[in-house]
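Novice: Input: one structure, supplied below.
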Amino acid sequence: MTFQFPNDFTWGTATAAYQVEGAIEEDGRAPSIWDTFCAQPGRIADKSSGKEACDEYHRYPEDIELMKKLGVRAYRFSVAWPRIVPSADGKINQRGIDHYLRLLDALREADIKPVLTMYHWDLPQYLQDQGGWPSRETALRFADYAQALARAFGDRVDTWTTLNEPWCTAYLGYGNGSHAPGIQDYEQALKAVHHLNLAHGLAAQAVHHELGDDAKVSVTLNLAANIAVSDSADDIAAKRRADLFANEVFLGPMLEGRYDPEIAEATSDIIDWDFVRDGDMETIRQPLAALGVNYYSSNHVRRAASVPEADEDDRHFGAMPAQQMVETLPPEGQLTAMGWNQEPAALTQLLVELSKRFPDTPLMITENGSAWDDTVEADASMPNGAIVHDPDRVAYLNAHIRAMADAMEAGANVIGYFAWSLLDNFEWALGYTKRFGIVRVDYSNQQRIWKDSGLRYAQIVKANAI
Ligand code: IFM
């Protein structure tokens, strides 16, 4: 059955500064924690970095042409904080501002709505040197940065997203250390959780202060779709514990102005939460024009029979504290190149549940996509004489857009979908070994090569239907 999306549904593609821009030493940009992390031996699978990435800093006009061919009406990108505030004195770097003004103007020219993410993981290194996200000061500096962005870019931006996936910043950055700054310390991870929440609230306030109440502010969370393997009280309790630390630590404060008391109880051996100050919860809970949801795969969980041993193959092992009672089963079915399962029905369920719980908050899928081991074939009819036939990515895309449509049929208020990613790019600790793009990047010459998934996405966007 065909599902027709509403006329005002937003189709877009997404990227993030450090993953695509390159030009890390240009126009006064300071080092970020990812530059430092990439330089440390053993951190990045292929020993690479975002030094050149997709050279989007210079090639954005070409990439906007790609977006026009895709027919998308929105582009979700992030601003590199170290380009805007390169030094600890807080001075704004006009050359950094100018770059994004050029990008925003080019998007406006192309009639593509900018969805601007303020923070997609590239913390200025000088702020990590002063304590990073575990320090309250970083949240305050983030508010200053947000205010500078709102002042400089104003109504050129359609939607302001404060943070991308604070889960990753807190738990991968400070929990299991698989991301920059590479710290393994649950106390720091939990402090980071709270200061990211606070940063979100302060940044939302700054945007509304500068641009008025109608300015659209959102946040993007990678909410975990945890599924209990049975209805037993034990397995349900395991799911609840995983949900608490993956989802509720952000949803509770940001949308309800509270932490579930079980979060502090379950971590009382680690920390006493005295860093949560009077007034913080009111600050964190700000009106949201949309809640961004990033979805890739699901987790099947049950009550652990015993404390699990470290499993090197599990990308998130040990990232979150207080998970001893949770056992995550190995993923099943056809796995993507990331080793992640495919369960589109879990996306439907997640969206329906969120809309029931927060009926006044529209949802936007700000990332969804899959990595596969692509091969390039010659095709004289295509730009750059080549094409990637990627049936697995096409199938994933179809199934997940259909799953989103199912959620909308069941009443979920979803207003947009952004394919991750416009381009193959720097996949963090996995370097360039994983390709998520619906357009391929040949890193030897920066040529963009169409994939079938990009062509299929253009069809969906044009039809506004699945
Ligand atoms: O590439 C990342 C992105 O930066 C954040 N969300 C998940 C993607 C795939 O791992």
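Novice: Inspect segment 414-434 for any residue being in contact with a Pro (Cβ under 8 Å, 6 or more places away or on another chain) and on the phi < 0 side of the Ramachandran plot and give the result as yes or no.
Specialist: yes
Novice: Taking the condition over 12 Å from residue 451 (Cβ atoms) and in a loop (DSSP other than H, G, I, E, B), does residue 395 pass?
Specialist: Spelling it out, it is not the case that residue 395 is over 12 Å from residue 451 (Cβ atoms) and in a loop (DSSP other than H, G, I, E, B).
Novice: Give the residues of segment 359-389 that are within 16 Å of the ligand (Cβ to nearest atom), assigned to a loop (DSSP other than H, G, I, E, B) and not aromatic (Phe, Trp, Tyr), sorted by residue number.
Specialist: 369, 370, 371, 373, 374
Novice: Please determine whether any residue of segment 77-90 is more than 24 Å from residue 195 (Cα to Cα) and basic (Lys, Arg).
Specialist: The answer is no, given that none of the residues of segment 77-90 is more than 24 Å from residue 195 (Cα to Cα) and basic (Lys, Arg).
Novice: Cβ-Cβ distance below 6 Å, separation of 6 or more or different chains: which pairs start in segment 417-434 with a residue that is of a type in the set (Asp, Glu) and end on one that is within 12 Å of the ligand (Cβ to nearest atom)?
Specialist: What qualifies is 424/435; 424/437; 427/434.
Novice: Still on this model: Kindly indicate whether any position in segment 450-457 is under 23 Å from residue 335 (Cβ atoms) and within 16 Å of the ligand (Cβ to nearest atom).
Specialist: The answer is yes; a qualifying residue exists.
Novice: Test each condition in (1) surrounded by fewer than 19 Cβ atoms within 10 Å (Cβ to Cβ); (2) in contact (Cβ under 8 Å) with a residue 40 or more places away in the chain; (3) of a type outside the set (Ser, Thr, Tyr); (4) over 29 Å from residue 102 (Cβ atoms) for residue 233 and report the one that comes out false.
Specialist: Here residue 233 meets the rest and fails (2).
Novice: Which residues, counting only those in segment 1-36, are within 14 Å of the ligand (Cβ to nearest atom) and either on the phi > 0 side of the Ramachandran plot or touching a Lys or Arg at 6+ places or on another chain (Cβ under 6 Å) (or both)?
Specialist: 14 - this is the single residue of segment 1-36 that is within 14 Å of the ligand (Cβ to nearest atom) and either on the phi > 0 side of the Ramachandran plot or touching a Lys or Arg at 6+ places or on another chain (Cβ under 6 Å) (or both).
Novice: Of the conditions (1) at positive phi; (2) in contact with a helix residue (DSSP H, G or I) (Cβ under 7 Å, 6 or more places away or on another chain), residue 177 fails just one. Which one is it?
Specialist: (2)
Novice: May I ask you to list the residues in segment 174-186 that are assigned to a helix (DSSP H, G or I) and free of Cβ contacts under 8 Å to residues at least 60 places away in the same chain?
Specialist: Answer for segment 174-186, where residues must be assigned to a helix (DSSP H, G or I) and free of Cβ contacts under 8 Å to residues at least 60 places away in the same chain: just 174.
Novice: Then there's this: Looking at 129, 105, 111, 122, can you tell me which residue is farther than 24 Å from residue 278 by Cβ, within 16 Å of the ligand (Cβ to nearest atom) and not aromatic (Phe, Trp, Tyr)?
Specialist: The match here is 122.
Novice: Still on this structure, I have one more. Scanning segment 164-200 for residues that are crowded, with 23+ Cβ neighbours inside 10 Å and of a type in the set (Val, Ile, Thr), which turns out farthest from the chain's Cα centre (by Cα)?
Specialist: Of everything passing the filter in segment 164-200, 193 is farthest from the chain's Cα centre (by Cα).
Novice: Something else: For the subset of segment 112-134 comprising residues that are over 23 Å from residue 222 (Cα atoms) and in a loop (DSSP other than H, G, I, E, B), which member is nearest to the chain's Cα centre (by Cα)?
Specialist: 112
Novice: Quickly run through segment 187-230 and pick out the residues that are closer than 27 Å to residue 342 by Cα, out of contact with any helix residue (DSSP H, G or I) (no Cβ under 7 Å at 6 or more places or on another chain) and either in a helix (DSSP H, G or I) or within 16 Å of the ligand (Cβ to nearest atom) (or both).
Specialist: 218, 220
Novice: Can you tell me which residues in segment 276-323 are modelled with pLDDT under 95 and either within 16 Å of the ligand (Cβ to nearest atom) or out of contact with any strand residue (DSSP E or B) (no Cβ under 8 Å at 6 or more places or on another chain) (or both)?
Specialist: 306, 307, 309, 310, 311, 312, 313, 314, 315, 316, 317, 318
Novice: Which condition does residue 265 not pass, out of (1) acidic (Asp, Glu); (2) farther than 24 Å from residue 142 by Cβ; (3) surrounded by 19 or more Cβ atoms within 10 Å (Cβ to Cβ), if it passes all the others?
Specialist: All conditions pass for residue 265, except number (3).
Novice: Would it be correct to say that residue 156 is without any contact (Cβ under 8 Å) to a residue 60 or more places away in the chain and touching a strand residue (DSSP E or B) at 6+ places or on another chain (Cβ under 8 Å)?
Specialist: In short, yes.
Novice: Looking only at residues in segment 334-344 that are touching an Asp or Glu at 6+ places or on another chain (Cβ under 8 Å) and not polar (S, T, N, Q), which one is surrounded by the fewest Cβ atoms within 10 Å (Cβ to Cβ)?
Specialist: If we take residues in segment 334-344 being touching an Asp or Glu at 6+ places or on another chain (Cβ under 8 Å) and not polar (S, T, N, Q), then 339 is surrounded by the fewest Cβ atoms within 10 Å (Cβ to Cβ).
The values are calculated or read from the model by the stated rules, or taken from the named source; none is laboratory data. Everything numeric in this text was worked out from a predicted model, so none of it was measured. Every residue, glycine as well, gets a Cβ built from its backbone with ideal geometry; the counts of neighbours run over all protein chains shown.
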